[in-house]
Amino acid sequence: MTVDDLENLFDYNYWANRKLFEVILQLTPEQFAQSLSGNHGSIRNTMVHVLSAEWGWLDRCGGSKRGDPLEPNNFPTVVRLVETWKQVEGNMRSFLSTLKDDDLARIVEFVIGGNQRRSMPLGELLQHAANHGVHHRGQVSLLLRLIGYNPENFDILIYYAEKQAQ
């Protein structure tokens, strides 16, 4: 894995988010926060979870500090979520631009889900940070369909096809 590989993964990640934001921005605040189903209960809670996790991994890897996990109630509107995500995207892109391929082997220690300390190479943690949203975007896509919305296909294959066509 190289820094270019990670930058490509995050490019895809942010492209897919924007596709999803196009639909989520049509929701009322009530629909955004409505308890439906899924692991996090609502579209808002799921998206805030993904945002918080991405920012948390950036923080653990040496990028901008997040502090405590983000709270869904601090995101009453989709606009607030999108604005914060743009900030995190900028921070992630800035952080990635400082890395060299050799940096990706640096071991990062972290704690997640309790007190057990873990360690992994920086490159693997950043790959996880980019990939984590794929699962949850699929969940949000299903939740949107349950309330009558139809998001576009945001599979990486479509991303590559659009990129190639440009």
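The values are calculated or read from the model by the stated rules, or taken from the named source; none is laboratory data. On a predicted model such as this, the values are computed, not experimentally measured, just so you know. When we count neighbours, we look across all protein chains shown, and the Cβ atoms used for this are built from the backbone with ideal geometry, even at glycine. Areas reflect the complete protein model, heavy atoms only, side chains present, ligands, DNA and RNA absent. Shrake-Rupley method; radii C 1.70, N 1.55, O 1.52, S 1.80 Å.
Treating only the Cβ of Lys, Arg, Asp and Glu as charged (+1, +1, -1, -1), what charge dipole size does the stretch 1-105 show about its Cα centre? Round to the nearest 20 debye.
Details: 10 positive and 15 negative charges, 78 e Å.
Dipole about the Cα centre, nearest 20: 380 debye.
Using every Cα-Cα pair within the stretch 53-93, state what percent have a distance larger than 16 Å. If you can, show how the numbers build up before the last one.
Numbers: 282 of 820 pairs.
Summing the P(r) of the stretch 53-93 above 16 Å gives 34 percent of all pairs.
When the accessible area of the chain is computed with all protein chains present and a 1.4 Å probe, what percentage of it is carbon and sulfur?
C and S atoms contribute 49 percent here.
With point charges of +1 on the Cβ of Lys and Arg and -1 on the Cβ of Asp and Glu, referenced to the Cα centre of the chain, which listed residue (T2, C61, S42) lies farthest in the positive direction of the dipole?
S42
Tell me the mean residue ellipticity at 222 nm calculated for the chain from its helices only (DSSP H runs of n ≥ 4, each -39500 (n - 2.57), averaged over every residue, nearest 500). Before the final figure, lay out the partial values.
Values: 6 runs with 100 residues, N = 166.
Roughly -20000 deg cm²/dmol at 222 nm, from the helical runs in the chain.
Report, to the nearest 10°, how far helix 156-165 tilts away from the longest principal axis of the Cα atoms in the chain, using its own Cα long axis and a range of 0 to 90°.
With both axes taken from Cα atoms, the answer is about 80 degrees.
How much FRET efficiency would the formula 1/(1 + (r/R0)^6) give for E162 and E22, where r is the Cβ-Cβ distance and R0 is 22 Å, rounded to 0.05?
Numbers: r = 14 Å, r/R0 = 0.63.
Efficiency for this residue pair is about 0.95.
For the chain, take every pair of Cα atoms, bin their distances at 10 Å starting from 0, and report each bin as a whole percent.
Binned Cα distances yield the sequence 10, 38, 35, 16, 2.
Tell me the Rg and the Dmax, in Å, that the Cα atoms of the stretch 1-92 produce.
13.6, 42
So with the 1.4 Å probe, I'd like the accessible area per residue for the stretch 1-144, rounded to whole Å². Please list the in-between numbers first.
Details: 7040 Å² over 144 residues.
Averaged over the residues of the stretch 1-144, the accessible area is 49 Å².
Students sometimes get this wrong: rank H49, H136 by accessible area, probe 1.4 Å, all chains present, largest first. List each step's numbers first, then the result.
On the way: H49 60, H136 10 Å².
From most exposed to least exposed: H49, H136.
Compute the separation of the alpha-carbon centres of the stretch 110-166 and the stretch 26-56 and state it in Å as a whole number.
Cα centres, the stretch 110-166 to the stretch 26-56: 14 Å.
How much accessible surface does S141 have with a 1.4 Å probe, in Å² rounded to 10?
The value for S141 is about 20 Å².
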